[in-house]
C-alpha cells in the first residue's frame, strides 16, 4: 500500500533542494582562484566520480570541466623589440568546473515526493486502517 502525504511531499522537496544546494556548494569549492596554479591541471579540478554521478540522492545534477585557453606572446631574445624580432606563442590552460542540472530528471524524481509505503502482512486491512495502526 502506498499513502500520499502532502506533509511528506513538502519534506521530500525541501530535502532535494538541500541536496542540490550542497552539490552546488561542493562544486563551487572546487573552483580555484584565478591565479592559483592548481587550476592549471584538469586532474585537480575534476570532481570525484562517486560523489555526484546522477544516481541516487543527487539524481539530476552533474558536473563538467571546461578548459579556458589564453594565448600570450613573448619575445624570444633579449633587447628592445624591432621589425625582425621573433616571438614565441605560449598557451596557458585553466580549468573551471560547471554545475549541470537536468530538469527532466528532477521533475521525474519529484513525482515520487510524498509517497509513503505501508507494508503489512494483513490483507484485510484497508489503507486508512493500516495508516491508523502505523501511527
| said: Go through (1) in a loop (DSSP other than H, G, I, E, B); (2) in contact with a helix residue (DSSP H, G or I) (Cβ under 7 Å, 6 or more places away or on another chain) for residue 77 and report which single condition fails. | reply: (2)
| remark: Counting only residues in the stretch 82-111 that are surrounded by fewer than 11 Cβ atoms within 10 Å (Cβ to Cβ) and in a loop (DSSP other than H, G, I, E, B), the one modelled with the lowest pLDDT is identified as 111
| One residue from 115, 125 being at pLDDT 80 or above and under 30 Å from residue 23 (Cα atoms) | 115
| said: Which count do you get for residues in the stretch 94-128 that are more than 30 Å from residue 3 (Cβ to Cβ) and touching a helix residue (DSSP H, G or I) at 6+ places or on another chain (Cβ under 6 Å)? | reply: 4
| field | Set 49, 57: member being within 18 Å of residue 15 (Cβ to Cβ) and modelled with pLDDT under 80 | value | 57
| message | Anything in the stretch 112-135 that is in a strand (DSSP E or B) and either without any contact (Cβ under 8 Å) to a residue 40 or more places away in the chain or surrounded by 10 or more Cβ atoms within 10 Å (Cβ to Cβ) (or both)? List them, or say none. | response | 115, 116
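The values are calculated or read from the model by the stated rules, or taken from the named source; none is laboratory data. This structure is a prediction, so every number in the text was calculated from the model and none was measured. For neighbour counting, all protein chains shown are included, and Cβ atoms are generated from backbone atoms with ideal geometry for every residue, glycine included.
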